[in-house]
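In what follows, a structure is listed as structure tokens, so that the remarks can point back to it.
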Amino acid sequence: MKRIAGSAALLATVASGAASAADLPHPSYYTATAPLSAYSWTGLYLGGNLGYAWGTTSNNPTRPSGLAGGAQAGYNWQTGQFVLGGEVDIELSGATDTFAPWKFSNPWFGTVRGRAGYAISNLLIYGTGGVAFGELQAETMNLQSESHTNVGWTVGAGVEAGFAASWSAKVEYLFVDLAGSTYTLTGTSNGLSASLFRMGLNYHF
């Protein structure tokens, strides 16, 4: 009889403990879904670029070409997957060509452009266009030279990819047209139309 009473008491204790455990709150196993696009393009950025430029001189047989590189700065605003922004850049250029007796070169140029693109997370596909300005220098065989700084226009497109929290890399094509000026050395109006293919690196603040 004592054994039966002890067994009954033990069963009652176990049942009481199980009931108490059932009343305890259960842990939640819900995991929040990550957003489809966590990368943001909004903000200020600063960077550098290096590429190759090739073009033609209006009213002259020379075709200046060479390396070009410099720095750019800009700002992006992102709303949804659309990105709008502006960018300025300044470039040093080694584009030059000689066709006796003329030598034309483009020592430097710059642009002020708007940008509009579509972002797929950390990938941005964009078009760009705006104002271009730069120097076109003419020389002759007897070392006479003449330079003019001209203003024109530019248009292009590119792809930029963010590869770290604050860094992105881009590949870009620009067409730059610098309006002509009248040169005493040539007796005519000369300008520069050039294509530029470049790669760049940006730091985002």
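Derivation of every value follows stated rules applied to the coordinates shown; laboratory data play no part. Values in this document were obtained by computation on a predicted structure and should not be read as measured data. Note that we place each Cβ from the backbone using ideal geometry, even for glycine, and neighbour counts take in every protein chain shown.
Listed by first and then second residue, the pairs linking a residue in the stretch 176-199 that is over 14 Å from ALA95 (Cα atoms) and without any contact (Cβ under 8 Å) to a residue 24 or more places away in the chain to a residue that is loosely packed, with under 15 Cβ neighbours inside 10 Å and polar (S, T, N, Q), with Cβ atoms under 8 Å apart and 6 or more places separating them unless they lie on different chains, are THR182/THR188; THR182/SER189.
Here's a check for you: in the stretch 74-97, which residue that is buried (at least 17 other Cβ atoms within 10 Å of the Cβ) and of a type in the set (A, V, I, L, M) is nearest to TYR45 (Cα to Cα)? Among residues in the stretch 74-97 that are buried (at least 17 other Cβ atoms within 10 Å of the Cβ) and of a type in the set (A, V, I, L, M), the one nearest to TYR45 (Cα to Cα) is VAL83. Applying the criterion of being within 30 Å of ASN59 (Cα to Cα) and charged (D, E, K, R) to the residues of the stretch 154-205, the residue that is surrounded by the most Cβ atoms within 10 Å (Cβ to Cβ) is ARG198. Among the residues of the stretch 45-61, those that are surrounded by fewer than 19 Cβ atoms within 10 Å (Cβ to Cβ) and either farther than 27 Å from TYR183 by Cα or of a type in the set (Ser, Thr, Tyr) (or both) comprise LEU46, GLY48, LEU50, TYR52, THR56, SER58. Taken over the stretch 160-184, the criterion of being over 23 Å from the mean Cα position of the chain (by Cα) and outside any strand (DSSP E or B) is satisfied by THR184 alone.
Examine the stretch 138-159 for a residue that is closer than 30 Å to SER40 by Cα, polar (S, T, N, Q), part of a strand (DSSP E or B) and more than 11 Å from the chain's Cα centre (by Cα), and state whether such a residue exists. Within the stretch 138-159 (the criterion being closer than 30 Å to SER40 by Cα, polar (S, T, N, Q), part of a strand (DSSP E or B) and more than 11 Å from the chain's Cα centre (by Cα)), the answer is yes, since at least one residue qualifies. Screening ALA138, ALA100, ALA71 for residues that are more than 18 Å from GLY200 (Cβ to Cβ), of a type in the set (A, V, I, L, M) and surrounded by fewer than 19 Cβ atoms within 10 Å (Cβ to Cβ) leaves exactly one candidate, ALA100. Yes or no: the stretch 97-107 includes at least one residue that is among the aliphatic types (A, V, I, L, M) and touching a Gly at 6+ places or on another chain (Cβ under 9 Å). Checked against the condition, which is being among the aliphatic types (A, V, I, L, M) and touching a Gly at 6+ places or on another chain (Cβ under 9 Å), the stretch 97-107 yields no hits at all. Within the bounds of the stretch 122-129, is there any residue that is touching a residue at least 60 places away in the same chain (Cβ under 8 Å), over 21 Å from SER181 (Cβ atoms), surrounded by fewer than 18 Cβ atoms within 10 Å (Cβ to Cβ) and out of contact with any Lys or Arg (no Cβ under 8 Å at 6 or more places or on another chain)? Yes: the stretch 122-129 contains one or more residues that are touching a residue at least 60 places away in the same chain (Cβ under 8 Å), over 21 Å from SER181 (Cβ atoms), surrounded by fewer than 18 Cβ atoms within 10 Å (Cβ to Cβ) and out of contact with any Lys or Arg (no Cβ under 8 Å at 6 or more places or on another chain).
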